[in-house]
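Okay, structure first, notes after.
The values are calculated or read from the model by the stated rules, or taken from the named source; none is laboratory data. Quantities reported herein were computed from a predicted structural model and do not represent experimental measurements. Cβ: placed from backbone, ideal geometry, glycine included. Neighbour counts: every protein chain shown. Each accessible area value is taken on the protein alone, full model and side chains, heavy atoms only, with ligands, DNA and RNA left out. Shrake-Rupley method; radii C 1.70, N 1.55, O 1.52, S 1.80 Å.
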Amino acid sequence: MWIILAVCSAVGLGFYDVMKKLSVRDNNVPVVLLLNTLFGTLLLSPVLVADLAAGSPGPGEGVAGHALIAIKAAIVLGSWVLGYFAIKHLPLTIQGPVNASRPVMVLVGAVFIFGERLNLLQWCGILLGFTSLFLISRIGAREGFSLRASRWLWLSIGATCLGAVSALYDKFLLSRFEPLQVQAWYSLYQLILMGAAVAVLRRTGHGGGRFTWRWTIVGISVFLTAADLCYFYALSLPGAMISIVSMLRRGSVIVPFVYGVIVLRERNIRAKLLDLALLMLSLALLVAGSRS
């Protein structure tokens, strides 16, 4: 059952990326992101209401607990800001594989932050993961998105790095708080932070251009919330292996990749397929190494 839920989470994340692409194309990114945080908070509002009704205004540890989750909100929001601008300008067949390399960065972070020791398979997986990033940068250069000249590719890499930081921070947070509480309260804090940011941008005349309403903006929040709920529920089931679940979730890259090929008719597909296969092999080695 937990494998099915992990696959559902991956599919949800895949459509989440497609909804983002459709929402931010020729649109005001800050406002789209603000609405995304608003709808995400509304979807999780029953958790917030239940906490308040129980006389517990949020996670435990009082102000300190809220501060810890506010830090999570800032990290995730930073990742989203970079990622939304990147996906607006990059082809899905480039942005998707960059984002899917997050487990490689998480493992590298675990080595330096938590002092974890890796085996040969895991080191091979990391090496292939970074080789995949190098190849996708070379492919991107053919389309005008080289590491030297494209800030959008660097924004995508930055978003992935912050996402890895968030995943490492989750290891700490989820040892102290319930997953749904973390998800609900950091969504609320994201809404507050993004609302303040948009207000400042508007006041200073840097609002980000014209905004056009699209129903895909609602789809962003719906698919992300559904994917996260499947993810957390999968991990709560007996026998669930986080390494396998994480690997399956990164398979979400297939959905936007296929969409980019069939609907958007993006270029250099053979080279990108080779790079994607290399990345998936990298993730498979990471999973195999974690089980050995």
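For the chain, the membrane-span-like helices by this rule, meaning whole DSSP H stretches whose C-alpha atoms cover at least 18 Å of axis and whose Kyte-Doolittle mean is 1.0 or above, are 2-24, 29-43, 62-89, 120-142, 216-236, 269-291; this says nothing about an actual membrane.
Other residues lying with their Cβ under 15 Å from the Cβ of Gly158 contribute a combined charge of +3, Lys and Arg counting +1, Asp and Glu -1.
From the Cα gyration tensor of the stretch 125-204, with a ≥ b ≥ c the square roots of its eigenvalues, which class applies: rounded if a/c is under 1.5, or else prolate if a/b is larger than b/c, or else oblate? In terms of gyration-tensor shape, oblate.
Exposed loop sites, defined as trypsin sites (Lys or Arg not before Pro) outside DSSP H, G, I, E and B with at most 11 other Cβ atoms within 10 Å, are absent from the longest region of the chain, namely 1-116. Semi-axes of the equivalent ellipsoid for the stretch 1-156, computed as √(5λ) from the eigenvalues of its C-alpha gyration tensor and ordered from largest down, come to 31, 23, 16 Å.
Cross-link reach is defined here as a Cα-Cα straight distance under 16 Å, omitting same-chain residues fewer than 8 places apart; for Lys272 the aspartates and glutamates meeting it are Glu143.
If I compute solvent accessible area with a 1.4 Å probe over the protein chains, what percent of it on the chain is carbon and sulfur? Mind dumping the intermediate values first?
Details: 9550 of 13740 Å².
Whole-percent figure for carbon plus sulfur exposure: 70.
A simple spin-label model places pseudo-atoms 7 Å from Cα toward Cβ; at Asp26 and Val222 they are separated by 2.4 nm. Each residue, Arg176 and Trp213, gets one label point 7 Å from its Cα in the Cβ direction; the gap between the two is 4.0 nm. What the Cα atoms of the stretch 81-187 give is an Rg and a Dmax of 15.6, 47 Å. Which of rounded, prolate, oblate describes the stretch 1-47, given a ≥ b ≥ c as roots of the alpha-carbon gyration tensor eigenvalues and a/c under 1.5 marking rounded, otherwise prolate only if a/b is larger than b/c? Because a/c hits 1.5 or more and a/b fails to exceed b/c, the stretch 1-47 counts as oblate.
With the helix formula -39500 (n - 2.57) applied to DSSP H stretches of n ≥ 4, the chain reaches a computed 222 nm mean residue ellipticity of -26500 deg cm²/dmol. Taking all protein chains together and a 1.4 Å probe, the residues Thr131, Thr41 rank Thr131, Thr41 from largest to smallest accessible area.
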